[in-house]
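Have a look at the structure below, then the notes.
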Amino acid sequence: MSLNNYQIHIVQWHDAAPLLRAVRETVFIYEQQVPEELEWDTFDAVSVHALATGPVGEPIGTARLLPDGRIGRMAVLKPWRNNGIGSAMLHRLIDEAKNCGLIEITLNAQVSALAFYTKYGFQSSGETFMEADIPHVKMHRKL
């Protein structure tokens, strides 16, 4: 299996919920031990998602864009990390935000991922806060 053989799709939650849920449960609930009620309290019918799929269509990554410009909860399954999937999903969501006429996007980044988001033009607010016992910082980017 080639780890470079993946596709990124823009989907609605209601159209791809089982696939999105499979990735998010694995990464957030089982790997990071985020309480399940915190993981599923943030969805609505108007968010769009970048869904990464592997060679046979299996879900391997996801991230979402809310109508107000918040990007959130980027998740890539462990065997697929460090293969450009996060970057590809972020690029697709940035393009989607531009297509929606947004002028700024924001996200809550894990402190350990600041360098990743900075290289894509995001700037940090500098204030660290805890989310699910993981240090985060709010970041923003003008489009």
**OP:** Can you spot the lysines whose alpha carbon is less than 30 Å from LYS78's alpha carbon? Ignore those fewer than 8 places along the same chain.
**Re:** LYS98, LYS119, LYS138
Original post:
Once you list every other residue whose beta carbon is under 15 Å from the beta carbon of HIS91, what net charge do they have if Lys and Arg are +1 and Asp and Glu are -1?
Top reply: +3
Original post:
For the stretch 54-105, how big is the tail of P(r) above 12 Å, as a whole percent of Cα pairs?
Top reply: 64 percent
Subject >> Ranked order, ARG92, ARG141 - accessible area, probe 1.4 Å, largest first >> reply: ARG92, ARG141
**OP:** Beta carbons within 10 angstrom, averaged per residue: use that to sort the peptides 117-127, 75-85, highest first.
**Re:** 75-85, 117-127
Original post:
Taking K and R as +1 and D and E as -1, what net charge do the other residues with C-beta under 13 Å from the C-beta of LEU143 add up to?
Top reply: 0
**OP:** May I ask for the net charge around TYR6, where only other residues with Cβ less than 15 Å from the Cβ of TYR6 are counted and Lys, Arg are +1 while Asp, Glu are -1?
**Re:** +2
Subject >> Accessible-area value, HIS91, 1.4 Å probe, nucleic acids and ligands omitted, Å² >> reply: 90 Å²
Subject >> Note, ³J(HN,Hα) from phi for the stretch 116-126, Karplus 6.51, -1.76, 1.60, rounded to Hz, x at Gly and Pro >> reply: 4, 6, 4, 5, 9, x, 7, 10, 8, 6, x
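The values are calculated or read from the model by the stated rules, or taken from the named source; none is laboratory data. Quick caveat: nothing in here was measured; it's all calculated off a predicted structure. Note that each Cβ is placed from the backbone with ideal geometry, even for glycine, and that neighbours are counted across all protein chains shown. Quick note on the areas: whole protein, heavy atoms, side chains included, nothing else; ligands and nucleic acids left out. Shrake-Rupley method; radii C 1.70, N 1.55, O 1.52, S 1.80 Å.
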